[in-house]
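Take a look at the structure below.
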Amino acid sequence: MSSSLFSSSMLGLTRQVARLNVVSESSALTNQIRHASKKAGGSTKNNRDSAGRRLGAKKVGGQPVIPGNIIFRQRGTHFYPGENVGMGKDHTLYALESGWVQYYQDPVKDKKFWKRTYVGVSLHKDLALPTPVNEPRRRAFRLVDTAAYKQQLEQSRKEALADLVAMEKVVQA
């Protein structure tokens with residue numbers, strides 16, 4: 001009977017051993033004790049994080065831009081605005097003119113800020129930035145010749161009236 005008690009305690013049936021008040025060395029060693037299966041979780045205060053701000057280059061060198069296109073989003077002034085580029089209040093660089101993006105450093109090395117990297121928009125793809133000091137700055141004026149525009153408008157009105165007169169003659173005939 002003691003062998004059956006021993007085997008039953010091995011199978012986890014320690015209640016039978018406890019009922020019979022039989023305590024042996026083997027049954028004392030094989031009693032099952034239940035412990036916590038999960039560690040108690042404490043609370044933490046710094047488990048928050050915010051989403052990334054999507055900073056960095058939005059247009060790289062050689063890419064075409066139109067006015068208002070964002071070229072570079074940054075915190076602080078990692079890059080500085082060059083020709084035809086503006087800077088927003090959060091240091092975002094954006095295009096002021098249509099053209100192609102170019103990153104460059106100021107070639108005059110004796111200035112105080114000679115290590116600055118500038119972002120510019122050239123009006124022609126093959127135009128190199130920065131424009132030399134002795135050369136005039138190229139600008140895209142996009143002006144309308146009002147005299148030619150009025151003349152073209154007047155001529156198109158005359159043609160439209162001539163077409164109407166011709167149609168009326170066809171309808172009357």
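Among the candidates SER2, SER9, the residue that is at pLDDT below 70 and crowded, with 17+ Cβ neighbours inside 10 Å is uniquely SER9.
Remark: pairs (first residue in the range 74-91, of a type in the set (Val, Ile, Thr); second residue assigned to a loop (DSSP other than H, G, I, E, B); Cβ separation under 9 Å; 6+ apart in sequence or on different chains) = THR77/HIS91; THR77/ARG116; VAL85/LEU96; VAL85/GLU97.
Exactly one residue out of GLY120, GLY99 is small (Gly, Ala, Ser) and in contact with a Phe, Trp or Tyr (Cβ under 8 Å, 6 or more places away or on another chain): that is GLY120.
The values are calculated or read from the model by the stated rules, or taken from the named source; none is laboratory data. Given the structure is predicted, the values throughout are model-derived calculations rather than measurements. Quick reminder, even Gly has a Cβ in these numbers, built from the backbone with ideal geometry, and neighbours come from all protein chains shown.
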